[in-house]
1. Tell me which of these LEU8 doesn't satisfy, since it passes every other one: (1) modelled with pLDDT under 75; (2) surrounded by 18 or more Cβ atoms within 10 Å (Cβ to Cβ).
2. Any idea which of (1) over 23 Å from the mean Cα position of the chain (by Cα); (2) outside any helix (DSSP H, G or I); (3) modelled with pLDDT of 75 or more is the one MET1 doesn't satisfy?
3. Here's a check for you: in segment 81-108, which residue that is among the polar types (S, T, N, Q) and within 18 Å of GLU172 (Cα to Cα) is surrounded by the most Cβ atoms within 10 Å (Cβ to Cβ)?
4. Across segment 160-187, what is the number of residues that are of a type in the set (Lys, Arg) and modelled with pLDDT of 85 or more?
5. Can you go through THR190, THR126 and tell me which one is touching a strand residue (DSSP E or B) at 6+ places or on another chain (Cβ under 7 Å), at pLDDT 85 or above, among the polar types (S, T, N, Q) and surrounded by fewer than 15 Cβ atoms within 10 Å (Cβ to Cβ)?
6. Do we have ARG59 as modelled with pLDDT of 75 or more, surrounded by fewer than 19 Cβ atoms within 10 Å (Cβ to Cβ), of a type outside the set (A, V, I, L, M, F, W, C) and not in a loop (DSSP other than H, G, I, E, B) here?
Amino acid sequence: MSKTVQILLVAFVTALVLGFAIAFITSLNGEPNLYEAVVAGGFGGGAAAFVFGNLSGNRRVANASDADKRAALGEPPPPGKAVLFVYRQGYVGKLVGMNIELDGTAVAQIKSPRFIRLVVAAGVHTVTAYFGGFAGPQSTPGAVAIDAAPDSVLALRIKPKMGLVQGGLSLELQSDLTAVKRTLAGMPMTQTDTVAA
């Protein structure tokens, strides 16, 4: 069954259940108020479709173990390579999976608060972040080019940008790596899909 059909099914069931519940509650005072039942059911179904539609781009991801997370935060980069931490925090769209790409290749999907650790070759790389599912068209993707020096550690923080009609994503290189690592120590680490090189 496609995700669109699942979303419509959830919306229909939500509208039906909420409509019957309102009709039953209003019937306790006499005649059931069908207008309120239809309006409440329609609103509830629409809200359910909106929420589940925004979550439709989510996929199952695995968190790293605590031991792997500690190792990732403490290990230096392999010789001649660089380590890049990409993290997300905040409450805006925190349950919606955000896709992360490195040089056009998907490497992970993270929710908030989560982070990933990538080992990259020295040189210039482009990191892109965007929402999937129905949430994607509501937000402009964010991208940034980074210059990874050999044996360096870099950190990118993803921040939402609020707009009047459409939001966006901003990827900001962080300078205080000690503070970043303290922040990352308090959040789960997501395993990456591929090993960057």
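1. Of the numbered conditions (1) modelled with pLDDT under 75; (2) surrounded by 18 or more Cβ atoms within 10 Å (Cβ to Cβ), the odd one out for LEU8 is (2).
2. If we test MET1 against (1) over 23 Å from the mean Cα position of the chain (by Cα); (2) outside any helix (DSSP H, G or I); (3) modelled with pLDDT of 75 or more, just (3) comes out false.
3. Selected residue: ASN99.
4. Within segment 160-187, residues that are of a type in the set (Lys, Arg) and modelled with pLDDT of 85 or more number 2.
5. Going through THR190, THR126 in turn, the sole match is THR126.
6. No.
The values are calculated or read from the model by the stated rules, or taken from the named source; none is laboratory data. Just so you know, these numbers come straight off a predicted model, no measurement behind them. No Cβ is skipped: glycine too gets one built from the backbone with ideal geometry, and neighbour counts run over all protein chains shown.
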